[in-house]
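A quick write-up on the structure given underneath.
The values are calculated or read from the model by the stated rules, or taken from the named source; none is laboratory data. Source: prediction; values computed, not measured. Cβ: placed from backbone, ideal geometry, glycine included. Neighbour counts: every protein chain shown.
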Ligand code: HEC
């Protein structure tokens, strides 16, 4: 009897006595905070990460994805080497080590009684929403011969007075196929007319658009799944004009069953803000990417005065890097004229067209007209047979940085 009892204890070590990480105690809380918003039922990610069974079947994939920082999707380096951002979806090095050590140790389960609470369903803007863009006619995403469908819809928010977008949320019609949504404000009536022409040529209910809306415009909102409400920095908002319809660019992927979508964009639009947040595209369109190069750099250095025509001070509050499918990495810094110092705005070591975010700085950066912006875009053109130039098409490229600025009073 005595011997038998001893043998039993030996075969089943008490989980509390292993000192490596355990699923419920150490790994599940990291996943609950950083992964579950997308990896759960009805959301964009293709599988769930909600309990021991769903996580342990993909354990080594998870370890790889966090080691390479492919997941959670957040392309800008937030380590502080370059910059740090509001709402950064960024794992700390020790969190990555916990996941990797747990997988290496054979994924011990721990005690389900210690399971963390999964994040509550996020709440939306609710009564804060003042205006909406509603797709009246549902659109059936077209995945014939392609994994992705990019479509622009022209929708009027019904503004009777100019106002400022201070926050927005997207209510995806079919969350399983809505990958990202970008809302553009046409620059003027002529730009709007061109958009209507494109829609007419496409036979109605939107038009195909890949890298942007294909007409002169600025960005009002950029959304990717994982967060409900996107607030602009306190006291700031992006101007929208009365009577001007907006262009909603939808990126659909992961074709599902019905593929029918009618997405709504809700805005909080206020009549006044302390500071107008101006979004504009900083563009290096003078690019020629020769074929067959694993790493080809296009860089451009221009002073703010030369680029904007404005010689006074500007505060940079955030940026949105943008390239197309052969983009490899993007980097931007300010070089201050008076001190020879630099300030890193954004470093995207691994570009991914699927995840386009706006990155709002934890601390704004003030520049003056004579300071310069260095914008570097790198491409991998190994699969191309011809030179790639700037353009809107899937086979064209861009080297672009959306800048979110205010003009200090
Ligand atoms: C913002 C939504 C979102 C969040 C947050 C997120 N994922 Fe994902 N994940 C996706 C989507 C969508 C895919 C499908 C592939 C793609 O589109 O990149 C995916 C794919 C994956 C894959 C398979 C592809 C690959 O790159 O290895 C793994 C593994 C993964 N996620 C793990 C995680 C882990 C672990 C976390 C948290 C640390 C996480 N994900 C957080 C949306 C998300």
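Select from segment 177-224 the residues that are away from the ligand (no atom under 16 Å from the Cβ), buried (at least 18 other Cβ atoms within 10 Å of the Cβ) and under 21 Å from residue 131 (Cα atoms) and list them in ascending order.
Across segment 177-224, the qualifying residues are 183, 184, 185, 186, 192, 206, 217, 219, 220, 221.
Considering only segment 10-19, I want to know if a residue exists there that is within 31 Å of the chain's Cα centre (by Cα), modelled with pLDDT of 75 or more and either surrounded by fewer than 18 Cβ atoms within 10 Å (Cβ to Cβ) or in a helix (DSSP H, G or I) (or both).
Within segment 10-19 (the criterion being within 31 Å of the chain's Cα centre (by Cα), modelled with pLDDT of 75 or more and either surrounded by fewer than 18 Cβ atoms within 10 Å (Cβ to Cβ) or in a helix (DSSP H, G or I) (or both)), the answer is no, since none of the residues qualifies.
Taking residue 77 as the residue in question, decide whether it is crowded, with 16+ Cβ neighbours inside 10 Å and more than 8 Å from the ligand (Cβ to nearest atom).
So residue 77 passes the test.
Evaluate segment 33-45: report whether one residue or more is more than 12 Å from the ligand (Cβ to nearest atom) and either at pLDDT below 95 or surrounded by fewer than 16 Cβ atoms within 10 Å (Cβ to Cβ) (or both).
Yes, some residue in segment 33-45 is more than 12 Å from the ligand (Cβ to nearest atom) and either at pLDDT below 95 or surrounded by fewer than 16 Cβ atoms within 10 Å (Cβ to Cβ) (or both).
Among the numbered criteria (1) closer than 30 Å to residue 172 by Cα; (2) in a helix (DSSP H, G or I); (3) away from the ligand (no atom under 15 Å from the Cβ), which single criterion is violated by residue 66?
(3)
Provide a single number: the residues in segment 50-63 that are within 6 Å of the ligand (Cβ to nearest atom) and not in a helix (DSSP H, G or I).
Counting residues in segment 50-63 that are within 6 Å of the ligand (Cβ to nearest atom) and not in a helix (DSSP H, G or I) gives 1.
Could you tell me whether residue 253 is more than 25 Å from residue 85 (Cα to Cα) and within 16 Å of the ligand (Cβ to nearest atom)? Can you show your working first?
Working: more than 25 Å from residue 85 (Cα to Cα): yes; within 16 Å of the ligand (Cβ to nearest atom): yes.
Yes; evaluated as a whole, the condition is true for this residue.
Which residues, counting only those in segment 338-373, are in a loop (DSSP other than H, G, I, E, B) and more than 16 Å from the ligand (Cβ to nearest atom)?
338, 339, 340, 341, 368, 369, 370, 371
Specify which of the listed residues (329, 325, 299, 279) is at negative phi, in a loop (DSSP other than H, G, I, E, B) and in contact (Cβ under 8 Å) with a residue 40 or more places away in the chain.
Details: 329 fails: in a loop (DSSP other than H, G, I, E, B); 299 fails: in a loop (DSSP other than H, G, I, E, B); 279 fails: in a loop (DSSP other than H, G, I, E, B).
Answer to the check: 325.
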